[in-house]
Amino acid sequence: MNSSIELQRQIKENAEDLRRFVSDLSSWEEEMKRKDSGAYAGSSKDNVVPPIRNATKKCDNSNSVGVPTSEEPHGVKKRISSNDYAAWEKFDVEKACDEVENSVTTPKAESEEERVIKEKRLRDEANVEKEKGNQFVKKGQWDRAIECYSRAIKCYSRDAIFYCNRALCFLKKKDYRAAETDCTSALSLDSTYVKALHRRGLARKELNQLRDAAEDLYRASELEPNNMAVRSDFNTVLAARISETGDETMRQEVPIDIAINVERKLDPILPATKHRPPSSTFKETKSTAETAWPKVEDTVLIEPVKIPPHKQSKKPLLRIKIQEDCEITAVKTVREHNLPAQSASGTGTNVRPETLKNNLEAKREEDASSSFDNAKKSNKPKIAISKSELNSSMKIEASPLQETEVIPPVPKNSVQFLAAWRQIYKNSKICCQYLKQINGENLPKIFQDSLDGNILSQILNILATEFVDANEPVLSYIQGLTKVRRFRTLTLFLSQSDKESLEILFRHTQKLENTSSDLIVSIRKDYEF
Amino acid sequence: MDKPQIIAHIEKSVNYSLFDCRWMPCSAKFVVMGSLPNSSGVIQLYEISGGDAKLIKEIKSDKAFKCGTFGGSKLSNRLLATGDFDGRLHLWDLERPDSSAYSYNAHKEIVNCIDGVGGMSTGCGAPEIVTGSRDGAVKVWDPRQKDRPVAIMEPEEGENKRDCWAVGFGNSYNSEERVVCAGYDNGDIKMFDLKTMSLRWETNVKNGVCCLEYDRKDIKMNKLVATTLESKVCVFDLRTQHPKAGFPHLSEKAHKSTVWLSRHLPQNREIFMTCGGSGTLCLWKYNYPEKRTTMLDGEEMGVVGNLSLLQNATLSTQPICGFDWSPDKQGLAVCTSFDQAFRVLIVTKLNLF
């Protein structure tokens, strides 16, 4: 009974509640409508809203987003339940360890990336300054250019170009000391920077440090053999040195060097490969001029040879046995012949590295037989040394490979040809045999477009001498050469002696191979006669 | 005796499948959204007026809408963020319903769930929207950044991708702190800390997680309710995290079917409604324990309280898939069901708890 009354009361109450709620609701509706219309206007005042997440790291957003990405699978892996034996069997502990390590290194890598980006930005800034500086240089406003380069260096101090450019401005302003310092900075960043070497050479010349100047310019010319400006500066410095010092040894050495340089000047398309830099000559000059070694009669001074890595020989070292008169046998390794003066015996001779080299070359050029054999027999050789009457009492036993001039195999391309030619061009007989292997018609294929005037004139010379002497046919060669690409350009540089050689060849081929005069005329035309 | 009542105040049928409903902040209006029979999408804006819901606006789209929220929008523009079956995230200005304010190709597959925070109405910090998708990814968006999400949480290449069914923001009590919780079909719950961009905590509740909701988004995280398949309701106490034991939790059986949703009452965070697969609603109250922490291995560990069922009601024979409490009127709610009807509900006596 009570419960039913209670229930009735409850129902009544609930109905009352609901009625109240609904009536409340309608007034609420009214209120909300009013609020709603004001909502747009009322709340338009914007509070300060935090920035977009990760917006600061926009540049590497993908990276920052990746962090939780990598995080989640870690979680997934960790969560192998203890009774999931199959999964545990597959669980790679090493990999998990690696992952832990990687996850440790990730933030580091990110900061690394950040650093790289920062550096790049600075470098860009520096480059902008450099460009400005270059503009001022063009206008000849050295002071303003120096300012720009200084700012560039401030932004990014590890670019040799900025220092080198500033050095130019200092040179122009005749502030040679500053120029030299800048060049030195540039060279400490890039030791094979030819411009910096050149400018330091000039600065030192002006500072009257002729020896250092010569050294710089020499190195520059070694790195860029075709740079005529460097070369002429080098020659003037050398000339200045000669007139200043009047050193005996120098007088002896320098003219040779100048002669070589003059020769180069005459023929600007001479390849770097032919003329080995007169390193021995120069080194010699230096050693005699500067060393403070006590002059001991029986010693020889070995200078280190500095050759840039790209010019160093790739060939294995040759083993040369050096036997001395006084029965002391020393085995020394000597670099392949185009790296002269690497080593020599320590005592008992007064042979200079240069002469040693000369010996080697003389040996090679000799026909492997006579003097060497004699020397062997007598065990007391006398090796003739060109342009110095130094008497060596050494016996040199080079390896047979070096001695018996193997004719290089038939080349397949210009690289092979040039490599072989470089070794044999001094020995015209070998050259002749080498050329004989090559079919004249194949020359265009071998050379493609890398035949140069120097090689051409050498080939013509060999043909005109050795081939003609041996009564060998030459028509295919002179025809083949004309088919080489860019041949027409090469004909512009044919020297008088080349033309004479050609005349000989034309006569020879007419006589020997009965070549029709029509063909000769057309070939002549190809050679621009 | 003084139980609250759950009464369907207004019931309205529509000619499309309903998936979600939301009250528009600071108004007597709500939106319902869903899929037309031709699988194109529709959003309708209704206003309560004189015991009836009047259709005010309608938005149509080529793809069906799965979920929506006003959470990330300012009161001044009240942009509705929606996720659709094509993986797109749209922001709609209901004043100008002709086209979406923004549109993102957010996911490769259907956007299952969405949540927003940081608008003037809820929470502090940047306005952000989080979406979870069948493609396994959880992405956080800032409406100010148009082209890409501000954070992505997804399995690595080669990991098998779980269908993400639930997402929720929380812990957004200042401008920096914020966490996102994601629930997956295999029962995984992961809590990502957006401040440190790291996984903060994870657990598995054995059944697919249908809904995750913090009791409040804009306070230090306090409670998290997860509802799952197999009629389970889990409540995690998030005040104290033990280094090993993590967060304490309780679980309760309810509805005798999938528990689709849980929604906390905006006016009282200890009260929440769960919606079941059999068309039932359960109103719960969380009771705190006497002491919220205890010591375990020298570390503080949280203690979970208990749940008391305040009321239950059966509204439909079909699952109730959308439910939203009105933020402006205590006891007023709207829910949608798969029987193609939405109901405006009145829950009385909530002020007594």
Across the range B:19-39, which residue is nearest to the other protein chains (Cβ to nearest Cβ) among those that are within 14 Å of the chain's Cα centre (by Cα) and closer than 14 Å to residue B:83 by Cβ?
-> B:22
Do the conditions hold for residue B:97, that is, is it open to solvent by 10 Å² or more (accessible area, probe 1.4 Å), within 10 Å of another protein chain (Cβ to nearest Cβ), on the phi < 0 side of the Ramachandran plot and of a type outside the set (A, V, I, L, M)?
-> no
With respect to the numbered conditions (1) more than 14 Å from chain A (Cβ to nearest Cβ); (2) open to solvent by less than 40 Å² (accessible area, probe 1.4 Å), which one is the sole condition not fulfilled by residue B:55?
-> (2)
Could you give me the residue pairs with C-beta distances under 9 Å whose first residue belongs to the range A:424-442 and is part of a loop (DSSP other than H, G, I, E, B), whose second residue is crowded, with 19+ Cβ neighbours inside 10 Å and of a type in the set (Phe, Trp, Tyr) wherever it lies, and which are 6+ apart or on separate chains?
-> A:438/A:417; A:438/A:477
Can you tell me how many residues in the range B:84-109 are of a type in the set (Phe, Trp, Tyr) and assigned to a loop (DSSP other than H, G, I, E, B)?
-> 1
Of those in the range B:142-188 that are farther than 21 Å from residue B:233 by Cα and of a type in the set (Gly, Ala, Ser), the residue farthest from the other protein chains (Cβ to nearest Cβ) is B:172
Contact list, first residue from the range A:214-237 and under 13 Å from residue A:197 (Cβ atoms), second anywhere and among the β-branched types (Val, Ile, Thr) and open to solvent by 40 Å² or more (accessible area, probe 1.4 Å), beta-carbon distance below 7 Å, six or more apart or interchain, is A:223/A:192
Checklist (1) within 14 Å of chain A (Cβ to nearest Cβ); (2) crowded, with 20+ Cβ neighbours inside 10 Å; (3) of a type outside the set (A, V, I, L, M, F, W, C) applied to residue B:343, failing item | (1)
Working only within the range A:436-456, note down all residues that are buried (at least 20 other Cβ atoms within 10 Å of the Cβ) and either among the small types (Gly, Ala, Ser) or more than 28 Å from the chain's Cα centre (by Cα) (or both).
-> A:443, A:453
Filtering the range B:152-162 down to residues that are touching a Phe, Trp or Tyr at 6+ places or on another chain (Cβ under 8 Å) and not in a loop (DSSP other than H, G, I, E, B) yields B:153
The one condition in (1) β-branched (Val, Ile, Thr); (2) without any contact (Cβ under 8 Å) to a residue 40 or more places away in the chain; (3) open to solvent by 10 Å² or more (accessible area, probe 1.4 Å) that residue A:192 fails to fulfil | (2)
Within the bounds of the range A:512-525, is there any residue that is among the basic types (Lys, Arg), exposed (fewer than 13 other Cβ atoms within 10 Å of the Cβ) and free of Cβ contacts under 8 Å to residues at least 12 places away in the same chain?
-> yes
If you check residue B:11 against the conditions, is it touching a residue at least 60 places away in the same chain (Cβ under 8 Å), more than 14 Å from chain A (Cβ to nearest Cβ) and open to solvent by 10 Å² or more (accessible area, probe 1.4 Å)?
-> yes
Within the range B:132-148, which residues are farther than 14 Å from residue B:191 by Cα and modelled with pLDDT of 85 or more?
-> B:133, B:134, B:135, B:136, B:141, B:142
Subset tally (residues that are part of a loop (DSSP other than H, G, I, E, B) and open to solvent by less than 10 Å² (accessible area, probe 1.4 Å)) for the range B:321-340 = 2
Are there any strands (runs of 3 or more DSSP E) wholly within the range B:273-320 with 3 or more residues that are open to solvent by less than 70 Å² (accessible area, probe 1.4 Å), and if so which?
-> B:280-287, B:293-296, B:306-314
Scanning for something within 14 Å of another protein chain (Cβ to nearest Cβ) and surrounded by fewer than 24 Cβ atoms within 10 Å (Cβ to Cβ), does the range B:78-92 turn up at least one residue?
-> no
Residues that are buried (at least 23 other Cβ atoms within 10 Å of the Cβ) and not aliphatic (A, V, I, L, M): find the strands (runs of 3 or more DSSP E) completely inside the range B:204-263 holding 1 or more of those.
-> B:209-214, B:223-228, B:232-237
Residue A:189 vs. criteria at pLDDT below 90 and within 28 Å of residue A:243 (Cβ to Cβ) = no
Residue list for the range B:66-77, restricted to those being away from chain A (no Cβ under 14 Å) and closer than 14 Å to residue B:143 by Cα = B:69, B:71
Those residues of the range B:14-41 which are open to solvent by 30 Å² or more (accessible area, probe 1.4 Å) and touching a Gly at 6+ places or on another chain (Cβ under 6 Å), in sequence order = B:17, B:19, B:22
When you look at residue B:336, is it touching a Leu at 6+ places or on another chain (Cβ under 6 Å), away from every other protein chain (no Cβ under 14 Å), over 16 Å from residue B:268 (Cβ atoms) and not aliphatic (A, V, I, L, M), yes or no?
-> yes
Can you give me the number of residues within the range B:123-141 that are facing another protein chain (nearest Cβ under 10 Å), part of a strand (DSSP E or B) and under 21 Å from residue B:215 (Cα atoms)?
-> 3
Identify the residue in the range A:402-454 that is closer than 20 Å to residue A:486 by Cα and of a type in the set (Ser, Thr, Tyr) and, among all such residues, is modelled with the highest pLDDT.
-> A:414
Which residue, of B:191, B:197, is free of Cβ contacts under 8 Å to residues at least 40 places away in the same chain, open to solvent by less than 30 Å² (accessible area, probe 1.4 Å) and within 11 Å of chain A (Cβ to nearest Cβ)?
-> B:191
Kindly check whether there is at least one residue in the range B:110-117 that is part of a loop (DSSP other than H, G, I, E, B) and either open to solvent by 50 Å² or more (accessible area, probe 1.4 Å) or within 11 Å of chain A (Cβ to nearest Cβ) (or both).
-> no
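The values are calculated or read from the model by the stated rules, or taken from the named source; none is laboratory data. Source: prediction; values computed, not measured. A quick note on method: Cβ atoms are made from the backbone with ideal geometry, for glycine too, and the neighbour counts reach across all protein chains shown. Please note that ligands, DNA and RNA were not included when accessible areas were found on the heavy atoms of the full protein model with its side chains. Shrake-Rupley method; radii C 1.70, N 1.55, O 1.52, S 1.80 Å.
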